């Protein structure tokens, strides 16, 4: 697999874990305008219309506190599988080893990005105001656009960016799980003290 294809698959795979429909719509538009060299199947009008419709739906759903987490839960399977299918389509060479690797890698990157997104959104939803959800969603949408743009125009930069985002996302997930574990431990300790009458 050459560098250009690797960057395209990695960038679109990671971005699909954040917003699969946005990635498909962007690739379709960039392909139709000649900016990106993508398979013709992605530039079909029906694909673009469906992708834009689902993107519009997700654009709204992703900004509603707690509903965004329900949406993320539903997409725990959809995003990685969609990214794997997208990776296979982008790689061409049906039945080849490179296509299988592209599909697996793209799906894996999407799952990692999705895990970071879903976990951080659960933390954000503990805040009573909706502004943080809207802000986080807009940042994510912008990040998807940037990663896809670099994936088609500068694959090496896209690879570097995906690596940085992957490390950052993993760090966020680990930190949030650690905080949740400490919070649960503190809650259990408070309950124990109430039952035993210990000061605290």
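The values are calculated or read from the model by the stated rules, or taken from the named source; none is laboratory data. Since the model is a prediction, treat every value here as computed from it, not as a measurement. When we count neighbours, we look across all protein chains shown, and the Cβ atoms used for this are built from the backbone with ideal geometry, even at glycine.
Which ones in region 14-36 are assigned to a loop (DSSP other than H, G, I, E, B) and over 17 Å from residue 159 (Cα atoms)? Residues satisfying the conditions are 33, 34, 35. Among the numbered criteria (1) modelled with pLDDT under 95; (2) over 21 Å from residue 133 (Cα atoms); (3) buried (at least 17 other Cβ atoms within 10 Å of the Cβ), which single criterion is violated by residue 82? With (1) modelled with pLDDT under 95; (2) over 21 Å from residue 133 (Cα atoms); (3) buried (at least 17 other Cβ atoms within 10 Å of the Cβ) applied to residue 82, the lone miss is (1). Looking for something assigned to a loop (DSSP other than H, G, I, E, B) and farther than 22 Å from residue 32 by Cβ - is there at least one such residue anywhere in region 69-89? Checked against the condition, which is being assigned to a loop (DSSP other than H, G, I, E, B) and farther than 22 Å from residue 32 by Cβ, region 69-89 yields no hits at all.
Determine whether region 72-80 contains at least one residue that is at negative phi, under 15 Å from the mean Cα position of the chain (by Cα) and without any contact (Cβ under 8 Å) to a residue 24 or more places away in the chain. There is at least one residue in region 72-80 that is at negative phi, under 15 Å from the mean Cα position of the chain (by Cα) and without any contact (Cβ under 8 Å) to a residue 24 or more places away in the chain. Scanning region 144-165 for residues that are within 25 Å of residue 69 (Cβ to Cβ) and surrounded by fewer than 18 Cβ atoms within 10 Å (Cβ to Cβ) turns up 145, 146.
Does residue 22 satisfy the condition of being in contact (Cβ under 8 Å) with a residue 40 or more places away in the chain and under 20 Å from residue 160 (Cα atoms)? For residue 22, the condition - in contact (Cβ under 8 Å) with a residue 40 or more places away in the chain and under 20 Å from residue 160 (Cα atoms) - is not met. In region 102-145, the residue that is farthest from residue 16 (Cα to Cα) out of those that are in a helix (DSSP H, G or I) and out of contact with any helix residue (DSSP H, G or I) (no Cβ under 8 Å at 6 or more places or on another chain) is 131. For region 2-13, which positions are in a helix (DSSP H, G or I) and more than 16 Å from residue 28 (Cβ to Cβ)? Matches in region 2-13: 3, 4, 5, 6, 7, 9, 10, 13. Scanning region 37-65 for residues that are at pLDDT below 90 and either part of a helix (DSSP H, G or I) or within 18 Å of residue 86 (Cβ to Cβ) (or both) gives a single hit, 37. Please indicate, with yes or no, whether at least one residue in region 169-181 is assigned to a helix (DSSP H, G or I), at pLDDT 75 or above and exposed (fewer than 13 other Cβ atoms within 10 Å of the Cβ). Yes, region 169-181 has at least one match.
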